[in-house]
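Remarks on the structure that follows.
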Amino acid sequence: MVSAQDSSTTENNSTGNAEILFPNQTTNGTTVIVRSVTLPEGGFVGIHSDGYTAGITDTSLMTSSQYLSAGTHQNVSIPIDAGVPGGYANESQLNGTETLTARAYTDSNSNQRFDYLLSENDTGYENESGEVTDTSQVIVPGTRGSPGWTVPTASVDFRDQTTGGKSVTIRRASLPNGGFLVVHDSTYLAPENDSFGSIIGVSDYIPANRNASQVEVELYNVPGRSMNQSRLRTNTTLVAEASLDTNDNREYDFYSSNGTNDTAYTKGSEIVTQPASITLNLNESASQSPPTTVATGQPVNIGPNPNTGILGRISGLFEGPLFTVFIGAAFVLFVVAFVLQVRN
């Protein structure tokens with residue numbers, strides 16, 4: 001693990017309140033700097049994603065410092081890829097400008113290892129104001145969220161359609177930075193406005209700057225989510241959404257990150273979505289598979305054909321000149337056999 005105390009100085013201050021100073025900063029995305037932290041009994045500094053400000057404590061914990069002795073430490077450099085023992089996040093660097101929170105933690109079991117997520121030890125320091133934290137806007141130049149950067153406009157073309165209930169087809173989509181096409185059920189719309197629990201389908205990863213067409217999305221198969229059904233049960237309205245791949249791992253991590261990663265593309269203040277009316281046809285999913293198109297564009301029917309294979313060969317025997325010769329020979333044999341029988 002890279003040292004978390006590079007370029008830091010320590011003052012002996014083992015009395016008084018814990019304090020932390022985490023100012024706004026610009027970084028290359030691999031480290032963050034805590035300007036100053038006072039830990040009266042020693043401990044650690046944990047860095048949380050913006051989920052912390054929404055009340056998500058454990059899964060927002062991205063990385064932490066090494067053990068810091070009792071006292072005040074200046075300019076503590078914390079690598080993003082240091083991680084946290086038992087942690088949920090696994091990031092090598094920040095992928096965009098983010099709001100992060102630094103929190104002071106104790107070493108309550110005095111083993112100089114950060115065990116907060118592994119046990120009930122190493123809880124956060126508190127003072128008269130509550131938890132000892134500070135929040136910073138961490139800017140990674142040239143990435144989403146940094147000054148002057150705007151998300152390229154995505155588009156989704158999702159048409160009304162009839163389906164067997166196990167998948168839907170998105171006619172066309174453009175995702176400038178790559179990502180996924182996400183399908184929501186009708187609870188995404190008013191009055192429920194549920195953008196989390198409404199997700200019922202996710203496409204495979206779509207590369208950046210590629211116009212995707214006829215994208216089939218399997219329903220009720222969402223990474224990180226358990227589903228209690230496998231198909232649509234009635235006619236309904238579904239909503240297709242364009243989603244970023246914010247951590248650039250080509251896997252849809254919205255659920256596993258509690259909504260931190262792989263958020264939606266936006267246009268202005270609006271999320272890029274398109275609703276469509278879906279008509280359920282149960283006979284469609286039970287019927288014969290549709291024709292497969294070969295390179296020539298001609299449909300090839302899949303399934304038994306009475307004019308091909310063994311059936312075709314048998315039926316062919318009763319057609320054409322071969323059948324005529326066969327009948328003639330049989331007639332001659334019949335006549336010869338009859339004559340011989342009469343003579344005897």
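The values are calculated or read from the model by the stated rules, or taken from the named source; none is laboratory data. This is a predicted model, so every value here is computed, not measured. Heads up, the Cβs are rebuilt from the backbone with ideal geometry, glycines too, and the neighbour counts pull from every protein chain shown.
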Fill in the blank from the handout: The number of residues in the range 1-22 that are assigned to a loop (DSSP other than H, G, I, E, B) and either more than 36 Å from the chain's Cα centre (by Cα) or at pLDDT 95 or above (or both) is 10
Problem - Selection within the range 58-92 - of a type in the set (V, I, T) and either assigned by TED's automatic domain parsing to the domain that holds E251 or within 11 Å of H48 (Cβ to Cβ) (or both) - result: T59, T63, V84
Problem - Positions within the range 82-92 being at pLDDT 85 or above and on the phi < 0 side of the Ramachandran plot, in sequence order - result: A82, V84, P85
Handout entry: Subset of the range 30-60 that is under 30 Å from the mean Cα position of the chain (by Cα) and within 21 Å of N109 (Cα to Cα) - its residue that is surrounded by the fewest Cβ atoms within 10 Å (Cβ to Cβ)
Key = D58
Problem - Elements of type strands (runs of 3 or more DSSP E) in the range 154-209, at least 2 residues being within 20 Å of T266 (Cα to Cα) - result: 155-157, 167-174, 180-184, 199-202
Problem - S65 being in contact with a strand residue (DSSP E or B) (Cβ under 6 Å, 6 or more places away or on another chain), surrounded by 22 or more Cβ atoms within 10 Å (Cβ to Cβ), at pLDDT 95 or above and of a type in the set (S, T, N, Q) - result: yes
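Out of D185, D245, which single residue is under 30 Å from G29 (Cα atoms), assigned by TED's automatic domain parsing to the domain that holds I278 and surrounded by 21 or more Cβ atoms within 10 Å (Cβ to Cβ)?
When all the criteria are applied, what remains is D245.
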Practice task
Using the structure shown, decide if S226 is within 19 Å of the chain's Cα centre (by Cα), under 15 Å from P275 (Cα atoms), assigned to a loop (DSSP other than H, G, I, E, B) and of a type in the set (S, T, Y).
Solution key: no
Fill in the blank from the handout: By residue number, the members of the range 102-120 that are under 15 Å from S69 (Cβ atoms) and acidic (D, E) are D107
Handout entry: Q274 exposed (fewer than 13 other Cβ atoms within 10 Å of the Cβ) and touching a strand residue (DSSP E or B) at 6+ places or on another chain (Cβ under 8 Å)
Key = no
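Would you mention how many residues in the range 38-70 are under 30 Å from D262 (Cα atoms) and in contact (Cβ under 8 Å) with a residue 24 or more places away in the chain?
20
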Exercise for the section: Provide a single number: the residues in the range 71-128 that are of a type in the set (A, V, I, L, M, F, W, C), part of a loop (DSSP other than H, G, I, E, B), without any contact (Cβ under 8 Å) to a residue 60 or more places away in the chain and surrounded by 14 or more Cβ atoms within 10 Å (Cβ to Cβ). Expected result: 2
